[in-house]
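Read the structure below first, then the notes.
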Amino acid sequence: MKEMAVEFLKREPCNVFIVQWDGGVNYFQATQDIRVVALEIAALINHLAVKCGLRGSDVHLVGHSLGAHTCGYVGQHVPGVGRITGLDPADPSYTYMPEFVRLDPSDADFVDVIHTDSQSILGNGLGMRQPVGHLDFFPNAGRYQPGCELWKVPEAALRKGVRGVVSAAADFTVCSHSRAPSLFTESINSHCRFLAFRCASYMALHLGQCISCGNNMERCAVMGMDADKFMPAEGFSRNSSFFLTTANEPPFCQHPYAVRIFPADMHNTSHWGHLSVELRGISGLVKELPLTENDESVSCLPTRFVHVRETLWLTSFSPQRAKF
């Protein structure tokens, strides 16, 4: 959160308060303690309103995991909070609970949520799958985040023996859950916008069923700091889900491209091979993007293509890494 605070201060004159507590309490005890923490934060905001003229509409609360629900409780005690950003709100004890128990759209004028670790708790998922804001963003389907694969555990950690393995395993467990704060932090001052599409699912996005923003941007939104400035044209609706793709390492922001391929052979035949697309800029440099699976361990294996009327791939690239 300290890195996020620095980015806020770089962006504009503001006051940033970081609230953090620990002490080794178990998770279920913490779910009770955050109500007390929320009351203390609400008391601070109300004090600043009386002594300094702070307006609720100028308050932006940002919370990660249990902190997201803490922000929700604050909103229940401070009427007129301008915005709450929930970063992968905690799942256990909150999913599909009544709105007064968890973060929900009534807690602020605008509630935006980034979901990054919403796989089942049985699969070590720590975040909610349920949409709980005005706008809910699901980067990379909102589940396992790229770059958090177990096989990417640093070799250096493994060389440290049992302690290193335990540390690496802990990092792996929270990797996707911790991605939400990283994405939001990057968005505060990035020139690249995390463009997301309103879709029924992440698969629908990659099947090309919702890759248009519409005439008035009514089917797109921007994830992150500027989510409130690039809202859909018809305004905020409760629980609107948006999907996008991000990179596996910073900078995470990518530009999406839809590529349609029309094969010359229309018969029901198939071939094996690889497909890629090249992006050429005015400087003459080339960025090559694979359209088919490009896992380094199996890159020598071709992909089977069935000749249909047309095929669509959705691919993305990071503009900060490509000098065009």
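The values are calculated or read from the model by the stated rules, or taken from the named source; none is laboratory data. What you are looking at is a predicted structure, and each value in this text was computed from that prediction instead of being measured. Please note: Cβ atoms are built from the backbone with ideal geometry, for glycine as well, and neighbour counts cover all protein chains shown.
Of everything in region 1-24 that is touching a residue at least 12 places away in the same chain (Cβ under 8 Å) and assigned to a helix (DSSP H, G or I), the residue that is surrounded by the most Cβ atoms within 10 Å (Cβ to Cβ) is 4.
Among residues that are within 27 Å of the chain's Cα centre (by Cα) and loosely packed, with under 13 Cβ neighbours inside 10 Å, residue 73 is not included. The set of residues in region 191-210 being part of a loop (DSSP other than H, G, I, E, B), over 13 Å from residue 241 (Cα atoms), within 18 Å of the chain's Cα centre (by Cα) and touching a residue at least 40 places away in the same chain (Cβ under 8 Å) consists of 192, 193. Tell me, yes or no, whether region 42-54 has at least one residue that is touching a Phe, Trp or Tyr at 6+ places or on another chain (Cβ under 6 Å) and assigned by TED's automatic domain parsing to the domain that holds residue 7. There is no residue in region 42-54 that is touching a Phe, Trp or Tyr at 6+ places or on another chain (Cβ under 6 Å) and assigned by TED's automatic domain parsing to the domain that holds residue 7.
Looking at residue 125, is it buried (at least 16 other Cβ atoms within 10 Å of the Cβ), modelled with pLDDT under 95 and more than 20 Å from residue 185 (Cα to Cα)?
yes
Just one of the listed residues (83, 102) is more than 18 Å from the chain's Cα centre (by Cα) and of a type in the set (D, E, K, R), and it is 102.
The set of residues from region 250-286 being surrounded by 15 or more Cβ atoms within 10 Å (Cβ to Cβ) and at pLDDT below 70 comprises just one member, 263. Please work out if residue 95 is surrounded by 13 or more Cβ atoms within 10 Å (Cβ to Cβ) and at pLDDT below 95. Considered against the rule, which asks whether it is surrounded by 13 or more Cβ atoms within 10 Å (Cβ to Cβ) and at pLDDT below 95, residue 95 comes out as yes. Taking the criterion of being part of a helix (DSSP H, G or I) and crowded, with 20+ Cβ neighbours inside 10 Å, the residues of region 211-228 that qualify are 225, 227. Residues in region 89-112 that are among the hydroxyl-bearing types (Ser, Thr, Tyr) and farther than 19 Å from residue 29 by Cα: 96, 106.
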